[in-house]
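Right, one structure below, let's go through it.
The values are calculated or read from the model by the stated rules, or taken from the named source; none is laboratory data. A quick note: this is a predicted structure, and the numbers were derived from the prediction, not measured. All Cβ positions, glycine included, derive from the backbone under ideal geometry; neighbour counts span all protein chains shown. Areas reflect the complete protein model, heavy atoms only, side chains present, ligands, DNA and RNA absent. Shrake-Rupley method; radii C 1.70, N 1.55, O 1.52, S 1.80 Å.
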Amino acid sequence: MSEDAPRARAGVLRRMTERGRDEEHRAATPLELFFDLCFVVAVAQAGRQLVHALAEGHPEHGVPGYLMMFFAVWLAWLNFTWFSSAYDTDDVPYRVVTLVQMAGVLILAAGVPRAFGDGDFTVVWLGYLVMRLALVTQWLRAARSSTGEARRTAQLYAAGVSLCQVGWLGLLLLPGHAKPWLFLAMALVELAVPVVAERRHQTGWHPHHIAERYGLFTIIVLGETVLAATTAVQSALDENEALGTLLPIAAGGLLIIFAAYWIYFAVPIHLHLASNRQAFLWGYGHYLVFGSVAAVGAGIEVVIEEAIGKAHISSLAAACAVTVPTALFLFSVWLIHSRHHKRGLAQQAVLPVSAVAVLACTFAGRAAVPATGAVALATVAVGVALTWRSAAADTPAPAGLR
């Protein structure tokens, strides 16, 4: 028998035990990147429905619907990401079950328009059922390969996820006016499952790996906003009479996107993820970060439709569709992400002050997007200048210059 035979068998089937939190060179796998790709479709579906609702002048329906649908998408991604960080074996059973989860994501994405428009969650629930059956299988496999508190934690996860899936049946059985309240209650229960399951034993999720995975999902939602800015350019080329209006919107949208990327990736956050308490607050808070970035893209599309006369709303309402999520992004990134690495009042104040300035851009009407882009650009410039000044102050001068 060749020396590679035992290694080949290990690649086919491994014991699903926890991976070490101090494991070196831990990075996202091709399978995880493939998994994330499925969420591009789901995020796009939620954003598209938000555009239609806002452009038709129905924010009271569009905003709550978007918040619910984006939560469903985000929660599915969240469940897989933290499990894979702790237990990814990359063997045949793990890959097959992950592919089943991906099929569930696509079913979920297909059901988003019906859930958003008609309140029919049947397809979304079925997509979750597929994903949850696969996820529970993974947790039970982890429990079987573990001992002591690690086994108990895996069993609690399997039980909690299963009970939550049963609880979501209420979306199919309750009348329409009760569904948002059930959704809120079940969302809180879902977020409580990891807190309860890991009360005695912290799973082996990897701080650097988690930080990278969240960064990759940030890029996914930024990609949706890039698509919106591209639509602005295309519309500008097709609507020659509106060229002078649409090109500034496209430019402002790109500045918002570039600034969002710069601001988010300016700090090495994995050093902050030292415990479950810190990691869970940071990880759950990203619902606001991800949701607001994706909503910026939808808002840019709404502004475009208003500018070319296809939206049934005022320019002020269209401007809100961009400025409000942009301000929310700036503030939420500061609150859960950036402030842990800021030093001094000046650095701490940059993002909150910029969020207020972005809200003020709402009153610029059709010029709101380029104005917001200018504020975003100034935010990055001021942040870089303050960081450079702080670094220069910490660097001792050469002996000859003292």
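Could you order peptides 369-378, 291-300 by the average number of other Cβ atoms within 10 Å of their residues, highest first? Write down the numbers at each step before the final one.
Numbers: 369-378: 23.4, 291-300: 28.7.
In decreasing order of mean packing, 369-378, 291-300 become 291-300, 369-378.
State the percentage of accessible surface on the range 1-157 attributable to carbon and sulfur atoms; use a 1.4 Å probe and exclude ligands, DNA and RNA.
Working: 4450 of 7120 Å².
Solvent-exposed carbon and sulfur of the range 1-157 make up 62 percent of the total.
From largest to smallest, what semi-axes in whole angstrom does the chain give when each is the square root of 5 times an eigenvalue of its alpha carbon gyration tensor? Before the final figure, lay out each step's value.
Details: eigenvalues 279, 178, 71 Å².
Semi-axes, largest first: 37, 30, 19 Å.
Assuming 1.306 mPa s and 10 °C, estimate D for the range 34-73 with Stokes-Einstein, Rh taken as the Kirkwood radius over Cα pairs, in µm²/s. Can you show the working numbers first?
Numbers: Rh = 10.3 Å.
After rounding, the answer is 154 µm²/s.
What does the convex hull of the Cα atoms come to per residue for the range 185-277, in Å³?
Details: hull volume 11.5 nm³, N = 93.
Spread over its residues, the Cα hull of the range 185-277 gives 123 Å³ apiece.
For the range 190-292, which trypsin sites (Lys or Arg not before Pro) pass both filters: DSSP loop (anything but H, G, I, E, B) and at most 16 other C-beta atoms within 10 Å?
On the way: sites: Arg199, Arg200, Arg213, Arg277; in loops: Arg199, Arg200.
Passing both the DSSP loop test and the Cβ count: Arg199, Arg200.
For the charge dipole of the range 285-372, defined by +1 on Lys and Arg C-beta atoms and -1 on Asp and Glu C-beta atoms about the Cα centroid, which residue among Thr362, Phe331, Val350 has the Cα displaced farthest towards the positive pole?
Val350
Compute the long axis of helix 30-55 from its Cα atoms, compare it with the longest principal axis of the Cα atoms of the chain, and write down the angle in degrees, 0 to 90, nearest 10.
With both axes taken from Cα atoms, the answer is about 40 degrees.
Write down the Kirkwood hydrodynamic radius of the range 235-346, to one decimal in angstroms, obtained as one divided by the mean of 1/r over all alpha carbon pairs.
Numbers: mean 1/r = 0.0637 Å⁻¹.
Radius from the Kirkwood sum: 15.7 Å.
GNM on the chain, C-alpha springs below 10 Å: top fluctuator among Val226, Val322, Val166?
Its mean-square fluctuation being the largest, the pick is Val166.
Starting from the Cα gyration tensor of the range 5-137, take the square roots of the eigenvalues, sort them a ≥ b ≥ c, and report rounded, prolate or oblate (rounded when a/c is under 1.5, otherwise prolate if a/b is larger than b/c, else oblate). Could the numbers behind the result be given before it?
On the way: a/c = 3.17, a/b = 2.41, b/c = 1.32.
Prolate shape, in that a/c is at least 1.5 and a/b is the bigger ratio.
On a 0 to 90 degree scale, rounded to 10, what angle separates helix 243-264 from the longest Cα axis of the chain?
Approximately 40 degrees, to the nearest ten.
Largest first, how would Ser390, Ser85 line up by accessible area (1.4 Å probe)?
Values: Ser390 25, Ser85 0 Å².
Ranking Ser390, Ser85 by accessible area, largest first, yields Ser390, Ser85.
If each DSSP helix of 4+ residues adds -39,500 (n - 2.57) and the sum is divided by the residues in the chain, what number results at 222 nm, nearest 500 deg cm²/dmol?
Details: 14 runs with 310 residues, N = 402.
That calculation yields -27000 deg cm²/dmol at 222 nm.
Take His312 and Asp91, extend 7 Å from each Cα along the Cα→Cβ direction, and tell me the distance between the two endpoints in nm.
Distance between the two pseudo-spin positions: 5.8 nm.
Going by the alpha-carbon gyration tensor, a ≥ b ≥ c the square roots of its eigenvalues, is the range 304-356 rounded (a/c under 1.5) or, if a/c is not under 1.5, prolate (a/b greater than b/c) versus oblate?
Details: a/c = 5.08, a/b = 3.56, b/c = 1.43.
Prolate, because a/c is 1.5 or more and a/b exceeds b/c.
Roughly how far apart, in whole Å, are the Cα centres of the range 340-373 and the range 94-144?
38
Taking only protein heavy atoms into account and a 1.4 Å probe, give the accessible area per residue of the chain in Å².
Numbers: 18330 Å² over 402 residues.
Counting only protein heavy atoms, the per-residue value for the chain is 46 Å².
Send over the semi-axes of the range 119-215's equivalent ellipsoid, whole angstrom and largest first, taken as the square roots of 5 times the C-alpha gyration tensor eigenvalues. Write out the running numbers ahead of the final one.
Working: eigenvalues 155, 46, 35 Å².
Ellipsoid semi-axes (Å, largest first): 28, 15, 13.
Order the peptides 325-333, 258-266, 303-311 from the highest to the lowest mean number of other Cβ atoms within 10 Å of their residues.
Values: 325-333: 24.8, 258-266: 19.0, 303-311: 21.2.
Output ranking for 325-333, 258-266, 303-311: 325-333, 303-311, 258-266.
Just to be sure I understand the model, the point goes 7 Å from the Cα along the line to the Cβ. What's the resulting Glu56 to His25 distance in nm?
The answer from the label model is 5.4 nm.
With charges set only on the Cβ (+1 for Lys and Arg, -1 for Asp and Glu), what does the dipole of the chain come to about its Cα centre, in debye to the nearest 20? List each step's numbers first, then the result.
Working: 27 positive and 27 negative charges, 276 e Å.
Computed about the Cα centre, the dipole is about 1320 debye.
Carbon and sulfur atoms: what percent of the 1.4 Å accessible area of the range 241-348 do they account for? List each step's numbers first, then the result.
Values: 2920 of 4370 Å².
Whole-percent figure for carbon plus sulfur exposure: 67.
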